[in-house]
Ligand SMILES: Nc1ncnc2c1ncn2[C@@H]1O[C@H](COP(=O)(O)OP(=O)(O)O)[C@@H](O)[C@H]1O
Ligand SMILES: [Mg+2]
């Protein structure tokens, strides 16, 4: 068990591509840290540098207080779960899990005891003699976990370990890994591009974009106070709605509507006043938009909107809308571009809502939950 | 599916079958003739008109070969040389291929090109230079001469073949070994080699056949009867006094048997799926 500390880590690939740019991150002993970001942002690169599978171009990396920059993977006291699992196809589950102990020259009896213990934790006991080819996806995933656990490493590194599972199994394994990590208390760095995994699994979440660290915080704080428009858009599902507007006095004005801001909004954000008379980006999460014809939405000020389509999910309605404002792109390359010409906003309504596709509605908006960003830098105000 | 009802289609099918039958006859008849002749007496072979089936079935040709230590030595030589070359080729090709497949080093590209370019040189043009080399190294008429020479011909292709095979194996496996505490050497022998059996078998079969059938270099680089291989042995039966056709055919049959066996055994290794379950 140990802390993992990255200081000014950079990675430049052979083709002069800067995959990681001055990454600073410290993962506490026993912490479950999620490294999240859109695909191609350098998550795997960062993880592989920690594992020692990729050279570190510059910077320092300490695991358990030891500088490991020049150490090969085997000396770093880490275990890794690969996205592909990378199970040894010719070995049984027992041999797969026990392989590292065998390389370390541990006697057979000790190996057997330890592997049996782990197999029990992971419910693999009846499969110990099977080959990977005869296992289901979830079972292979567990063997990969077992192979990492057997080493009792200083840190676990996991690269999108659930991405090959179907949605249902993914939810189950998400919970299993989380509770396993709590139980073992081993420092864990978990890479994913799935913001749901990021929000539900980790103690803290590090958001990466284009090789640059954006924010490291608890899921709650990331959700409540994103440092910039990218994090705001990336965290949360569906994504936060981002629009351009002009701040005039206490009003946010866009097209034909105005949103009146309360004094508190300016007190909480001293910088906001300086945008008076200028453009500003404001953001509102779909769950903070309301159907004003319902009891729950009655108390909020409203703006006019046109309903373009509705996804009824049972527990909630995802409502696609068009409002008179210019949508701002958060810069997430993975964002599903479902905003055709017709729709530029998404709201989450209670399932009792009776709004119909094509109708003009008054959209309730909880102004206390607004986020503000600089239109140039996209930094939070 | 479209129904085949036109007469033209039927005609084409019939013509195709006739062509295939002719092709089969063309390919199979020499083999049949070899088998049939090996069970005849030498006098029957010279009979006119020739007999399709042996009139008097006899094993005398086989007895003559299997009972003659000189001729058995041809078989031993062939096995030994082909076996040694196969083992060496597979070992060296594996190591080279692992390097090409998994490491980046200076000159990798040019080295690869060099290896491919050796394949464009017709072996016969190398006969005289090799003869000169072998004599000057003092290894003329030895196993070493044959083994080294054959390696020159088998290695380039074997390296390309193995590199191609190793490239299909996920690198994650090597990295998993690295994380599990092993070196590249461990990864190669404990994981890559065991799951490379199809590639290794393919390389071995190719190498063994090439050596087993080789005639020209074996003829040139050896001299004494005790160093001769099977193909030369067959030719030696065309003696000064008589053509021992039945023995030549029997020796050909005996010489082909190992190849047949190798094919049968190797076939099951060519089945895909050695890495099934490893990834995804
Ligand atoms: N070996 C490599 N050589 C050059 N570029 C690479 C290499 N590996 C990854 N990259 C590039 O680095 C970026 C980050 O890759 P990666 O860390 O795999 O992203 P992620 O895991 O976040 O999807 C990508 O743009 C990718 O194309
Ligand atoms: Mg990745």
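Read the figures in this text as sums done on the coordinates, not as results from a lab. Here the structure is a predicted model, which is why all the values come from computation and not from measurement. Ideal geometry is used to build each Cβ from the backbone, glycine not excepted, and the neighbour counts take in all protein chains shown.
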Gyration tensor on Cα atoms of chain A, a ≥ b ≥ c root eigenvalues, a/c under 1.5 rounded, else prolate if a/b beats b/c, else oblate, says prolate
Rounded to the nearest Å, the spacing of the alpha-carbon centers of segment B:1-71 and segment B:106-135 is 39 Å
With only helices counted (DSSP H, runs n ≥ 4, each -39500 (n - 2.57)), the per-residue ellipticity at 222 nm for chain B, to the nearest 500, works out to -21500 deg cm²/dmol
Using alpha-carbon positions, the gyration tensor of segment B:3-124 gives root eigenvalues a ≥ b ≥ c; with a/c under 1.5 called rounded, otherwise prolate if a/b exceeds b/c, else oblate, the class is oblate
Taking r as the C-beta separation of residue A:103 and residue B:262 and R0 as 25 Å, the FRET efficiency to the nearest 0.05 is 0.10
Using alpha carbon centers only, segment B:169-192 is separated from segment A:157-199 by a whole-angstrom value of 25 Å
Final fewest-first order of A:10, B:211 on the 10 Å Cβ neighbour count is A:10, B:211
From the Cα centre of segment B:201-268 to that of segment A:5-29, the distance in Å is 62 Å
The helix A:93-103 Cα axis meets the longest alpha-carbon principal axis of chain A at an angle in degrees, between 0 and 90 and rounded to 10, of 70 degrees
Chain A, Gaussian network, Cα under 10 Å: of A:304, A:153, A:38, the residue fluctuating most is A:304
The answer for the per residue Cα convex hull volume of segment A:251-319, in Å³, is 124 Å³
Most fluctuating of A:169, A:61, A:124 in the GNM of chain A (C-alpha, under 10 Å) is A:169
Relative contact order in percent for segment A:6-111 (Cα pairs under 8 Å, 6+ apart) equals 22 percent
Per the 1/(1 + (r/R0)^6) rule, R0 = 45 Å and r from the Cβ atoms of residue B:242 and residue B:8, FRET efficiency to 0.05 is 0.20
So the angle from the long Cα axis of helix B:69-102 to the longest Cα principal axis of chain B, reported in degrees to the nearest 10, equals 20 degrees
Pseudo-spin-label distance residue B:56 to residue A:379, built 7 Å along Cα→Cβ, given in nm, is 10.8 nm
CD proxy, 222 nm, chain A: helix-only mean residue ellipticity via -39,500 (n - 2.57) per DSSP H run with n ≥ 4, per residue, nearest 500, stands at -7000 deg cm²/dmol
In degrees, nearest 10, the alpha-carbon axis of helix A:167-184 is tilted away from the dominant principal axis of the alpha carbons of chain A by 60 degrees
What one gets for segment A:241-373 as the Kirkwood radius, inverse of mean 1/r over different Cα pairs in Å, is 15.3 Å
Rounded to one decimal in nm, the spacing of the 7 Å Cα→Cβ label points at residue A:113 and residue B:72 is 5.7 nm
Here the relative contact order (percent) of segment B:6-60, from C-alpha pairs under 8 Å and at least 6 apart, is 28 percent
All alpha-carbon distances of segment B:6-60, grouped into 10 Å bins from 0, give the whole-percent distribution 22, 32, 20, 15, 10, 1
So, relative contact order of chain B in percent, Cα under 8 Å, 6 or more apart, is 29 percent
Which of A:281, A:143, A:326 fluctuates most in a GNM of chain A (C-alpha springs under 10 Å)? That residue is A:326
Here P(r) for the protein assembly as shown, Cα-Cα distances in 10 Å bins, as whole percents, is 3, 12, 16, 15, 14, 13, 11, 7, 5, 3, 2, 0, 0
Log entry: pair-distance distribution for segment A:5-68, C-alpha pairs binned every 10 Å from zero, whole % per bin is 21, 58, 20, 2
Honestly chain B on the Cα gyration tensor test (a ≥ b ≥ c root eigenvalues; a/c under 1.5 rounded, otherwise a/b vs b/c for prolate or oblate) is just oblate
Two pseudo-spin positions, 7 Å from Cα along C-beta at residue B:34 and at residue A:225, lie apart in nanometres by 8.6 nm
At 10 °C in a medium of viscosity 1.306 mPa s, segment A:86-222 has a Stokes-Einstein diffusion coefficient, with Rh taken as the Kirkwood radius over alpha carbon pairs, in µm² per second, of 99 µm²/s
